[in-house]
Amino acid sequence: MKPANLKKKRGFTIIEVLIAVAIITIGILGILATIYQTVAYMNLSSSRLTAIYLTQEGMEIVRNIRDTNWLEGALWNDGLGIGIFEVDYDDSSLSVYGGGNYLKIDNGFYNYSNGDQTKFQRKITIENTDCPDGNCISVYVETSWQQLGKTHNVVAVEHLYDWYSGQN
């Protein structure tokens, strides 16, 4: 006869332990995959935001060239010929697109001459546009970069007019 105070002790079988470990491992791997994806998309969003700013900057530079022409008494579209161009933030004129030139960053400013190379390329295309008085151009600014195995780009389009010349 067995003593009354000794009860049959039960433990986990090896199969139960393996199943529990597998479930925990799958859960942890799922969490890690989600974290990895989140970080990758955060980096992509950061790059997209930078590309948006670079695209906007390109458009502002073209507008600045037009406005400077007005202030200096030159033709409004002087230096804004038809073609494909690139430009630095501090340039007063457009340069012919070199195809494949990457922007560099130096002290927070993007340019083509100084600093560390980035993954961004910016292309400015100027075309004639049909408008009633013929005094307008279409400006396309495209910033592109490679990330996550794909090419991404941001494009802005604007029609610039000679609206100031009639103000004199």
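The values are calculated or read from the model by the stated rules, or taken from the named source; none is laboratory data. On a predicted model such as this, the values are computed, not experimentally measured, just so you know. Note: ideal-geometry Cβ built from the backbone for every residue, glycine included; neighbour counts use all protein chains shown. Protein only, heavy atoms only, side chains kept; ligands, DNA and RNA dropped before computing areas. Shrake-Rupley method; radii C 1.70, N 1.55, O 1.52, S 1.80 Å.
Of note:
- Flag for Y41 being surrounded by 11 or more Cβ atoms within 10 Å (Cβ to Cβ) and modelled with pLDDT of 95 or more: no
- Per the conditions (1) touching a residue at least 40 places away in the same chain (Cβ under 8 Å); (2) open to solvent by 50 Å² or more (accessible area, probe 1.4 Å); (3) of a type outside the set (K, R), the sole criterion not satisfied by H152 is (2).
- The range 132-158, subset within 18 Å of D78 (Cβ to Cβ) and of a type outside the set (S, T, Y), residue nearest to the chain's Cα centre (by Cα): V139
- Exclusive hit being within 19 Å of Q121 (Cα to Cα), within 18 Å of the chain's Cα centre (by Cα) and either surrounded by 15 or more Cβ atoms within 10 Å (Cβ to Cβ) or not polar (S, T, N, Q) (or both), set G83, G58: G58
- Note on the range 118-130: residues that are at pLDDT 90 or above and assigned to a strand (DSSP E or B) total 7.
- Hits in the range 102-134 (condition: of a type in the set (S, T, N, Q) and open to solvent by 60 Å² or more (accessible area, probe 1.4 Å)): N107, S113, N114, Q117, N128
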